[in-house]
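The values are calculated or read from the model by the stated rules, or taken from the named source; none is laboratory data. Everything numeric here is computed off the predicted structure, so don't read it as measured data. Note that each Cβ is placed from the backbone with ideal geometry, even for glycine, and that neighbours are counted across all protein chains shown.
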Ligand code: PGA
């Protein structure tokens, strides 16, 4: 039987997404190319792997069996590649890292410091939201991930290494700027600009308000911190963002932090890996570097703000 690894990779992407278009996006190919690979695989196996019910597709029994077995094959192959990489040592190794969109503000600085220490290391960096990070870890697609607190249910080893206070921002001309200990009730009618569902910042903010029996007034939704900051600056609403995203805006007074009761929402950045994953030498060196030295790579303005948010809100 002539099954190729390419067919398996394409099949797994469709099985993961249960959607040909998303699988094609994931693999950076066209949707007809994906359909053709799946069709060839089905022809070889002489059984359908997916069935369509209404607008959705599902794995058939044969599809489920192939997915289970093929995952074992690709995981062994990944392990073999990791071992081969490790024979090269730290120098010349490849680090597969993903970071939360919000963490990108300091992660690139960290990576630059790491590469300076270990020249010759190469890395692939994916910047994405929390939901995607969790699925990448579950699928063993990355060595390490920098993210907000992972759910206890995920089968992960996750270590906190840096504070990530979430603060409420407003345009400097907003009437609440400068007021002390603003009660949450004052914000009931405020309009908020939120991140997209799947964002860790968004779910932490929603959890905070729900715990205080407040529902955020639905305002706009944007999938980037940069867009949110510009919207707040343009007085389209208030927002809750990580302090790490505000380095420039606070220095040039384009945005102000509101002193709201209960804020900042104290979160941490975690370095996470799949439980039981054998790290390559380069990934192990990066882990040690992050856990030992990340604090020194936080920019001075953010370090200053760490102190201020603690001082003003106790
Ligand atoms: P995100 O940040 O909002 O960019 O997903 C990650 C997190 O804070 O958990």
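Just wondering, is there one or more residues in the range 91-99 that are without any contact (Cβ under 8 Å) to a residue 24 or more places away in the chain, under 17 Å from the mean Cα position of the chain (by Cα) and within 21 Å of residue 274 (Cα to Cα)?
Scanning the range 91-99, I find no residue that is without any contact (Cβ under 8 Å) to a residue 24 or more places away in the chain, under 17 Å from the mean Cα position of the chain (by Cα) and within 21 Å of residue 274 (Cα to Cα), so the answer is no.
Checking the structure you have, find out if any residue of the range 93-108 is away from the ligand (no atom under 16 Å from the Cβ) and not in a strand (DSSP E or B).
yes
Would you say residue 140 is within 13 Å of the ligand (Cβ to nearest atom) and either closer than 26 Å to residue 9 by Cβ or in contact with a strand residue (DSSP E or B) (Cβ under 6 Å, 6 or more places away or on another chain) (or both)?
For residue 140, the condition - within 13 Å of the ligand (Cβ to nearest atom) and either closer than 26 Å to residue 9 by Cβ or in contact with a strand residue (DSSP E or B) (Cβ under 6 Å, 6 or more places away or on another chain) (or both) - is not met.
Please specify each residue of the range 52-87 satisfying the condition of being exposed (fewer than 13 other Cβ atoms within 10 Å of the Cβ), under 15 Å from residue 20 (Cβ atoms) and modelled with pLDDT of 95 or more.
Result: 58, single match.
Just checking, how many residues over the range 127-138 are modelled with pLDDT of 90 or more and touching a helix residue (DSSP H, G or I) at 6+ places or on another chain (Cβ under 7 Å)?
So the answer is 2.
Could you tell me which numbered condition residue 146 fails, if it satisfies all but one of (1) without any contact (Cβ under 8 Å) to a residue 60 or more places away in the chain; (2) buried (at least 20 other Cβ atoms within 10 Å of the Cβ); (3) not in a loop (DSSP other than H, G, I, E, B)?
That leaves (1) as the condition not met.
For the range 160-206, name all the residues that are under 19 Å from residue 261 (Cα atoms), within 16 Å of the ligand (Cβ to nearest atom) and over 18 Å from the mean Cα position of the chain (by Cα).
If the condition is that a residue be under 19 Å from residue 261 (Cα atoms), within 16 Å of the ligand (Cβ to nearest atom) and over 18 Å from the mean Cα position of the chain (by Cα), then 167, 168, 169, 192 are the ones that fit.
Can you pull out every residue in the range 70-92 that is closer than 21 Å to residue 120 by Cα and assigned to a helix (DSSP H, G or I)?
We begin by selecting, within the range 70-92, every residue closer than 21 Å to residue 120 by Cα; these are 81-92.
Scanning the range 70-92 gives 81, 82, 83, 84, 85, 86, 87.
Spot the failing condition for residue 42; the list is (1) without any contact (Cβ under 8 Å) to a residue 12 or more places away in the chain; (2) within 25 Å of residue 97 (Cα to Cα); (3) surrounded by 17 or more Cβ atoms within 10 Å (Cβ to Cβ), and only one is missed.
(2)
Where residues in the range 12-28 are modelled with pLDDT of 95 or more and part of a loop (DSSP other than H, G, I, E, B), which of them is surrounded by the fewest Cβ atoms within 10 Å (Cβ to Cβ)?
The selected residue is 18.
Pick from the range 207-238 the residues that are within 12 Å of the ligand (Cβ to nearest atom) and under 19 Å from residue 269 (Cα atoms): which of them is surrounded by the most Cβ atoms within 10 Å (Cβ to Cβ)?
Of everything passing the filter in the range 207-238, 225 is surrounded by the most Cβ atoms within 10 Å (Cβ to Cβ).
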